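The values are calculated or read from the model by the stated rules, or taken from the named source; none is laboratory data. Everything quoted here is computed from the prediction, not taken from an experiment. We place every Cβ from the backbone using ideal geometry, glycine too, and count neighbours over all the protein chains shown. Surface areas here come from the heavy atoms of the whole protein model, side chains and all, with no ligands, DNA or RNA. Shrake-Rupley method; radii C 1.70, N 1.55, O 1.52, S 1.80 Å.
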Amino acid sequence: MDGKGNQLVNWVIEQNEKPQSEEDWNQETGVKEIEHVFDDCRLDFLDVGEMIRHARECYLFPLIDHDPLPQWSFNRITLLGDAAHAMYPRGGNSVCQAFVDARVIAEKLASVTDPVEALRAYENERREKVNWLVLASRGEGPEVVRRIVEERSGGKPFEDIEAIFPHEEALSIFSEYHAKAGMRIPTEKETDQPAKYKSVFATQK
């Protein structure tokens, strides 16, 4: 706040149609490139188009992934996190998978005497699972539920989400993704089996 009622606001627009950019997160771009995205956006409390057109500066922050790697470990050297499996941040999974990598590496180094064998065991446990997530994240991942609701509601307001998207159907989608990501849905008990899976992620475009 500058004392005159003006406040600095940072906003983010995700645009899927723009060609993939180079791996540079300091690319300045013009508002002309994005202002048309909100031509049809009407809010009672904000003129979104005007806000964008009066932006002081605008930067391109590309979302970039890499093809799954056939190998992570090389003798006493291994990869983890984005170095091993850079992926689109669907469901917040990029950083979460780095945490899981670190946990598995620690477990293997603590339980396997030979560090080379420990790193190989880490890769054997993690690489295939995470490579699946890299490919799944190129689609919509768990965020496919947003598109389903949009399509079924026609983009119109509705009162009963169950009539649009039943809970059990949503649970089956999240259960598959959580299982592949090595996580449980918060409401599941340790002994619970995930709900019936629907293989929707890797095929989404």
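Candidates are the residues of the stretch 57-83 that are in a loop (DSSP other than H, G, I, E, B), open to solvent by 70 Å² or more (accessible area, probe 1.4 Å) and not hydrophobic (A, V, I, L, M, F, W, C); the one that is nearest to GLU23 (Cα to Cα) is HIS66.
Cβ separations smaller than 8 Å between residues 6+ apart or across chains give no pair from the stretch 71-82 residues that are without any contact (Cβ under 8 Å) to a residue 24 or more places away in the chain and within 10 Å of VAL116 (Cβ to Cβ) to residues that are of a type in the set (Asp, Glu) and surrounded by 10 or more Cβ atoms within 10 Å (Cβ to Cβ).
Across the stretch 98-117, the qualifying residues are those that are in contact with an Asp or Glu (Cβ under 9 Å, 6 or more places away or on another chain) and of a type outside the set (D, E, K, R), and the one among them that is nearest to LEU135 (Cα to Cα) is ALA98.
Please name all residue pairs, on different chains or six or more residues apart, with Cβ atoms under 7 Å, provided the first residue is in the stretch 91-118 and is in a helix (DSSP H, G or I) and of a type in the set (Ser, Thr, Tyr) and the second residue is open to solvent by less than 40 Å² (accessible area, probe 1.4 Å) and modelled with pLDDT under 90. Every condition considered, the pairs that remain are SER94/MET87.
Looking only at the stretch 20-29, decide whether some residue is in contact (Cβ under 8 Å) with a residue 24 or more places away in the chain and in contact with a helix residue (DSSP H, G or I) (Cβ under 9 Å, 6 or more places away or on another chain).
First pass over the stretch 20-29, keeping only residues in contact (Cβ under 8 Å) with a residue 24 or more places away in the chain: 20-29.
Now drop any that are not in contact with a helix residue (DSSP H, G or I) (Cβ under 9 Å, 6 or more places away or on another chain), which leaves none.
No, the stretch 20-29 contains no residue that is in contact (Cβ under 8 Å) with a residue 24 or more places away in the chain and in contact with a helix residue (DSSP H, G or I) (Cβ under 9 Å, 6 or more places away or on another chain).
ASP160 passes all but one of (1) within 30 Å of PRO70 (Cα to Cα); (2) surrounded by fewer than 15 Cβ atoms within 10 Å (Cβ to Cβ); (3) at pLDDT 90 or above; which number fails? Status for ASP160: all satisfied but (1). Scanning the stretch 119-157 for residues that are at pLDDT 85 or above and loosely packed, with under 14 Cβ neighbours inside 10 Å, which turns out nearest to ARG76 (Cα to Cα)? Top of the filtered list is ASN124.
Only one entry of ASP101, ASP47, ASP24 meets the criterion of being within 30 Å of VAL144 (Cα to Cα), within 27 Å of the chain's Cα centre (by Cα) and open to solvent by 40 Å² or more (accessible area, probe 1.4 Å), and that entry is ASP24.
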